[in-house]
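Peer 1: My structure is below; once you've seen it, I'll send some questions.
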Amino acid sequence: MTIESKYENELKDIPAHLKGETRIREVKTRVNQNVFRKIVLANYDGKCALTGIDIPELLVASHIIPWADNEQERLNPENGICLSSLYDKSFDIGLISFDDNLRVIFSHRLKQNVGKEYYDKYFIPIQGKDLELPQKYLPQPKFLEWHRDSIFEK
């Protein structure tokens with residue numbers, strides 16, 4: 001007896017004729033994003049604003065309004081929050097956001113996972129948690145409102 005999975009159709013052998021190859025491609029690069037990252041990480045004392053994780057390789061200078069959506073605010077440190085990778089991704093795809101009091105709020109999609117081990121382990125500890133306040137540049141309320149209106153719950 002097998003357990004059905006939504007990935008079952010993808011679980012198959014790789015055809016013998018396929019090869020792992022490399023190609024040279026021209027790509028657009030975000031210029032000065034590293035400056036933004038340095039300022040945002042320094043603003044949060046090199047720690048995730050939710051968990052305190054201080055391993056730089058796991059930290060992301062997360063844009064509240066994404067880079068692609070607002071050219072004028074791309075490098076504005078008030079448009080950034082230092083988050084560890086899991087919470088950055090959760091924020092980017094609208095599973096979590098922050099209310100006007102800088103408290104974490106959960107989307108309905110995320111709440112559908114109540115009772116699952118990973119939910120209890122990684123999300124319950126941050127539910128309703130206050131964002132650690134940065135040293136200088138507070139997240140702009142209008143940016144957080146934009147995130148809630150445009151990304152959260154979408």
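The values are calculated or read from the model by the stated rules, or taken from the named source; none is laboratory data. Since the structure is predicted, the reported quantities are computational estimates derived from the model, not experimental observations. Because the Cβ atoms are built from the backbone with ideal geometry, glycine has one as well, and the counts that use them run over all protein chains shown. Just so you know, the surface numbers come from the protein's heavy atoms only, side chains and all, with ligands and any DNA or RNA stripped out. Shrake-Rupley method; radii C 1.70, N 1.55, O 1.52, S 1.80 Å.
Peer 1: How fast does the chain diffuse by Stokes-Einstein, in µm²/s, taking the Kirkwood radius from C-alpha pairs at 10 °C and 1.306 mPa s?
Peer 2: Values: Rh = 17.5 Å.
Estimated via Stokes-Einstein, D reaches 91 µm²/s.
Peer 1: Which length gain, in nm to one decimal place, applies between Glu117 and Lys142 when the Cα-Cα distance is subtracted from 0.36 nm times their residue separation? Don't skip to the end; give the middle numbers.
Peer 2: Details: separation 25, 0.36 × 25 = 9.00 nm, distance 3.46 nm.
Contour length minus the Cα-Cα distance gives 5.5 nm.
Peer 1: In nm, give the distance between the simple-model label positions of Leu133 and Glu153, each being 7 Å from the Cα along the Cα-to-Cβ direction.
Peer 2: Between Leu133 and Glu153, the label points sit 2.9 nm apart.
Peer 1: Could you order peptides 34-40, 61-67 by the average number of other Cβ atoms within 10 Å of their residues, highest first? Walk me through the intermediate numbers first.
Peer 2: Values: 34-40: 15.9, 61-67: 20.9.
Per-residue mean Cβ counts within 10 Å order the peptides as 61-67, 34-40.
Peer 1: What is the total of Lys pairs in region 63-145 with C-alpha atoms under 25 Å apart, excluding same-chain pairs fewer than 8 positions apart?
Peer 2: Taking the Cα cut-off of 25 Å, the pair count is 11.
Peer 1: May I pose another question? Stretched out fully, how many nm does the piece from Arg103 to Lys47 gain, at 0.36 nm a residue minus the Cα gap? Walk me through the numbers on the way to the answer.
Peer 2: Numbers: separation 56, 0.36 × 56 = 20.16 nm, distance 1.70 nm.
Extra length from Arg103 to Lys47 when fully extended: 18.5 nm.
Peer 1: Which FRET efficiency value, to the nearest 0.05, do you get for Val35 and Lys12 by plugging their Cβ-Cβ distance into 1/(1 + (r/R0)^6) with R0 = 41 Å? List each step's numbers first, then the result.
Peer 2: Details: r = 45 Å, r/R0 = 1.09.
Efficiency for this residue pair is about 0.35.
Peer 1: Could I ask something else about it? Among Asn113, Leu58, Asn76, which residue has its Cα furthest toward the positive end of the charge dipole of region 1-135, with +1 on Lys/Arg Cβ and -1 on Asp/Glu Cβ?
Peer 2: After comparing all options, I get Leu58.
Peer 1: Per-residue HN-Hα couplings for region 76-86, Karplus 6.51 cos²θ - 1.76 cosθ + 1.60 at θ = phi - 60°, whole Hz, x for Gly and Pro?
Peer 2: Once rounded to whole Hz, the list reads 6, x, 6, 9, x, 9, 7, 10, 6, 3, 4.
Peer 1: In Å², what does the accessible area per residue of the chain work out to with a 1.4 Å probe? Provide the component values of the computation, followed by the final result.
Peer 2: Numbers: 10970 Å² over 154 residues.
Solvent-accessible surface per residue comes out at 71 Å².
Peer 1: Could you please state how large a percent of the accessible area of the chain is carbon and sulfur, counting protein chains only and using a 1.4 Å probe?
Peer 2: Working: 5590 of 10970 Å².
Within the chain, the accessible surface is 51 percent carbon and sulfur.
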